[in-house]
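Participant: Could you have a look at this structure, given as structure tokens, before my questions?
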Amino acid sequence: MRRIGRDDAPQVTIEFEGEPLTARRGDSVAAALLAGNHRSFRTTPVSGAARGPFCMMGSCFDCLVEIDGAPNRQACMIEVREGMRVRRQRGAGDIGLGHSTGGGREDTP
Amino acid sequence: MKSRYDIAIVGAGPAGMAAAAAAAGHGASVLLLDEQSEAGGQIYRAVSRQNFKDRNILGSDYYEGLDLVSELASSGAEHVTGATVWQVSPEREIGVSKDGTARMVTAGQVILATGAQERPFPVPGWTLPGVMTAGGAQSVLKSSALAAPDAVFAGSGPLLYLVAYQYMKAGIPVRAILDTTPRANALRALPHLPAALRSIGALMKGRRWIASLRAAGIPFIKHIEDLKLTGTDCVTGVEYRRGKRWRKIDAAQVFLHQGVVPDVNLAMAAGCAHRWSAAQLCWHAETDAWGETDIPGIAIAGDGAAIGGALAAEYLGRIAAHGALHRCGCLGRAERDSLAAPFRRALAGEMRLRPFLDALFRPPRRLRIPQGDATIVCRCEEVPAALIRESVALGCLGPNQLKSFSRCGMGPCQGRFCGLTVSEMIAEARGVGVAEVGALRLRPPVKPLMLEELAALAVEPVSMPGKR
């Protein structure tokens, strides 16, 4: 997808699969990835098929990605933040027992 | 956020914003909870920070939302953004998560304004990356000024044509519009035309979108009976059938749409009664004249109860607010009735067009019920149509039993994108009505939440408002 119209929103740099990706403030993670021409966000736990965002309103759960180490985050519902590390989710995602997701997290499930 | 409010409203779309604004200012404490970072819902998404210079791109109907947003902001209602509601109990205890912390809020009166979502569109390849809903396309257009050049729009209904029209206005090339509206629908809609003609303005708007798309030279192919999206890791093309003939066009982005249906998960999980609507082919909440459900103190306003569109939702939100104010003792009966009267009149006017639209854009059976065995029905658990038919052949009577046969409806979306398909498929296979088959039983939490959030919930007894 590409940006149209006036594009003077402040920039935010996130990381996707280890590579820097420039987004705009107010973008959801899904919008930022789509703007970077990434359509496939994850593979499914059942068959390993590729999936990307479908509904863009938090209903379908097809845009799940790993954000700052936490899996199963809805890319369409979470806004980009400077320095955010986003990875494709592979299968069910590693729930990382012992990994704390609390404390200072600004995004909301 | 306090732990108790007189009136709590879930969802800040047109119904929720109007309900909150109308309820505040009558002496009641009013809470509005919404998952997004700003008011507007889907229809008025990002309206207060829109930066398209040309207002013609998104159109004047969209900017109407600005009035509601500012009315809400000055109303005195407490609007909490980024708040995910995962439960409403019959005792009106609301489970809500914000910033990774879950809490319970109780309310004397609850108004659910959860709105609509797009109807499932189970055709081969609908799970491929690069395939999105038309509503999804519009979401990123509104919130991030993002568009996909040379996309194919496939399906039926006003939103499909509107988004294509908005693309055209923005100068984004559209590869084609593949219209799946059945030829026979026009005849079925005809009896509703006289009533619809009284809303001639709205009727002509839709005609103008389509005429402009055609005048711009965008291929608008009508009466398509079948669709297949092809590709392996991403969508690469669309195959479509008219009559006996299949054709194919290349597409790296496809937007699907065949109408919207109420988002019923929260209301059904609360236990509110629903009935099958044969006209809208979805579940409608049983509500009274004030939007109140069969559970005292829980009302539903807007598209979450039945599809009526943004303006109807706004009026229904105001009507529900006056009903709730009366029930919590803030408004007398006569005052309630007179304050709500203008909105009832406006609502009646707004609903005149609806039966015509429902009939004209009724999606065909073959695009609601997958014809092929391999077509995915449950996107989350990747359950193909064949497994559902086999389960019914083995004696599975309804969608809840089907869960144990197939895991269908048990993934994170909790049946939002398979529930209607499953109920209709089972009904067809058993030769009974959808009402008899019923819906997937929905339970809280209706949105996933972290176990640690649940575990950290305060355990001291929550003070319960008196039951009526």
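The values are calculated or read from the model by the stated rules, or taken from the named source; none is laboratory data. Because the structure is a prediction, the values reported are computed rather than measured. Here Cβ is always computed from backbone atoms with ideal geometry, including for glycine, and neighbour counts include all displayed protein chains. Accessible surface areas use protein heavy atoms only, side chains included; no ligands, DNA or RNA. Shrake-Rupley method; radii C 1.70, N 1.55, O 1.52, S 1.80 Å.
Participant: Over 29 Å from residue B:232 (Cα atoms), within 8 Å of chain B (Cβ to nearest Cβ) and open to solvent by less than 20 Å² (accessible area, probe 1.4 Å): which single residue out of A:5, A:26 fits that description? Write out each step before concluding.
Facilitator: Working: A:5 fails: open to solvent by less than 20 Å² (accessible area, probe 1.4 Å).
Of A:5, A:26, the one residue that is over 29 Å from residue B:232 (Cα atoms), within 8 Å of chain B (Cβ to nearest Cβ) and open to solvent by less than 20 Å² (accessible area, probe 1.4 Å) is A:26.
Participant: So, one more: Output the residue which, of all residues in the stretch B:65-86 that are open to solvent by 20 Å² or more (accessible area, probe 1.4 Å) and in contact with a Phe, Trp or Tyr (Cβ under 9 Å, 6 or more places away or on another chain), is nearest to residue B:41 (Cα to Cα).
Facilitator: Only one residue fits best here, namely B:69.
Each row is one residue, and each column tells you yes or no for (1) at pLDDT below 95; (2) surrounded by 15 or more Cβ atoms within 10 Å (Cβ to Cβ).
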site: B:191; (1), (2): no, no
site: B:201; (1), (2): yes, no
site: B:206; (1), (2): yes, yes
site: B:215; (1), (2): no, no
site: B:234; (1), (2): no, yes
site: B:245; (1), (2): no, no
site: B:268; (1), (2): no, yes
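Participant: Just to be sure before I move on: is residue A:31 under 17 Å from residue B:51 (Cα atoms), at pLDDT 95 or above and either facing chain B (nearest Cβ under 10 Å) or open to solvent by less than 50 Å² (accessible area, probe 1.4 Å) (or both) in the structure I sent? Don't jump to the end; show me each part of the working.
Facilitator: Working: under 17 Å from residue B:51 (Cα atoms): yes; at pLDDT 95 or above: yes; either facing chain B (nearest Cβ under 10 Å) or open to solvent by less than 50 Å² (accessible area, probe 1.4 Å) (or both): yes.
It is true that residue A:31 is under 17 Å from residue B:51 (Cα atoms), at pLDDT 95 or above and either facing chain B (nearest Cβ under 10 Å) or open to solvent by less than 50 Å² (accessible area, probe 1.4 Å) (or both).
Participant: Let me ask something else. Answer yes or no as to whether residue B:163 is of a type outside the set (Phe, Trp, Tyr), in a helix (DSSP H, G or I), within 7 Å of chain A (Cβ to nearest Cβ) and open to solvent by less than 10 Å² (accessible area, probe 1.4 Å). Even if it seems obvious, please write down each step before you answer.
Facilitator: On the way: of a type outside the set (Phe, Trp, Tyr): yes; in a helix (DSSP H, G or I): yes; within 7 Å of chain A (Cβ to nearest Cβ): no; open to solvent by less than 10 Å² (accessible area, probe 1.4 Å): yes.
It is false that residue B:163 is of a type outside the set (Phe, Trp, Tyr), in a helix (DSSP H, G or I), within 7 Å of chain A (Cβ to nearest Cβ) and open to solvent by less than 10 Å² (accessible area, probe 1.4 Å).
Per-residue answers, yes or no, for (1) in the same structural domain as residue B:182 (by TED's automatic domain parsing); (2) not hydrophobic (A, V, I, L, M, F, W, C):
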residue: B:211; (1), (2): yes, no
residue: B:228; (1), (2): yes, yes
residue: B:236; (1), (2): yes, yes
residue: B:280; (1), (2): no, yes
residue: B:286; (1), (2): no, yes
residue: B:314; (1), (2): no, yes
residue: B:318; (1), (2): no, yes
residue: B:321; (1), (2): no, no
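Participant: Follow-up. If we scan the stretch A:52-64, do we find a residue that is closer than 30 Å to residue B:124 by Cα and more than 7 Å from every other protein chain (Cβ to nearest Cβ)? Please lay out each step first, then the result.
Facilitator: We begin by selecting, within the stretch A:52-64, every residue closer than 30 Å to residue B:124 by Cα; these are A:52-64.
Going one step further and asking which of them are more than 7 Å from every other protein chain (Cβ to nearest Cβ), we end up with A:63-64.
For the stretch A:52-64, residues closer than 30 Å to residue B:124 by Cα and more than 7 Å from every other protein chain (Cβ to nearest Cβ): present.
Participant: Regarding the stretch B:319-341, can at least one residue be identified that is open to solvent by 20 Å² or more (accessible area, probe 1.4 Å), acidic (Asp, Glu) and touching a residue at least 24 places away in the same chain (Cβ under 8 Å)?
Facilitator: At the first step, the residues of the stretch B:319-341 found to be open to solvent by 20 Å² or more (accessible area, probe 1.4 Å) are B:326-330, B:332-339, B:341.
When the remaining residues are screened for being acidic (Asp, Glu), the result is B:335, B:337.
Next, only the ones that are touching a residue at least 24 places away in the same chain (Cβ under 8 Å) stay: none.
No, the stretch B:319-341 contains no residue that is open to solvent by 20 Å² or more (accessible area, probe 1.4 Å), acidic (Asp, Glu) and touching a residue at least 24 places away in the same chain (Cβ under 8 Å).
Participant: Another question, then. Being modelled with pLDDT under 95 and among the charged types (D, E, K, R) is the filter here, so list the residues in the stretch B:19-54 that pass it.
Facilitator: Answer for the stretch B:19-54, where residues must be modelled with pLDDT under 95 and among the charged types (D, E, K, R): B:49, B:53, B:54.
Participant: Of all the residues that make up the stretch B:5-64, how many are within 12 Å of another protein chain (Cβ to nearest Cβ), open to solvent by 20 Å² or more (accessible area, probe 1.4 Å) and under 18 Å from residue B:310 (Cα atoms)?
Facilitator: Within the stretch B:5-64, residues that are within 12 Å of another protein chain (Cβ to nearest Cβ), open to solvent by 20 Å² or more (accessible area, probe 1.4 Å) and under 18 Å from residue B:310 (Cα atoms) number 6.
Participant: Right, here's the next one. So if I check each of B:130, B:157, B:135, B:171, which one is within 11 Å of another protein chain (Cβ to nearest Cβ) and either under 14 Å from residue A:60 (Cα atoms) or touching a Pro at 6+ places or on another chain (Cβ under 9 Å) (or both)?
Facilitator: Numbers: B:130 fails: either under 14 Å from residue A:60 (Cα atoms) or touching a Pro at 6+ places or on another chain (Cβ under 9 Å) (or both); B:157 fails: within 11 Å of another protein chain (Cβ to nearest Cβ); B:171 fails: either under 14 Å from residue A:60 (Cα atoms) or touching a Pro at 6+ places or on another chain (Cβ under 9 Å) (or both).
Of the residues listed, the single one that is within 11 Å of another protein chain (Cβ to nearest Cβ) and either under 14 Å from residue A:60 (Cα atoms) or touching a Pro at 6+ places or on another chain (Cβ under 9 Å) (or both) is B:135.
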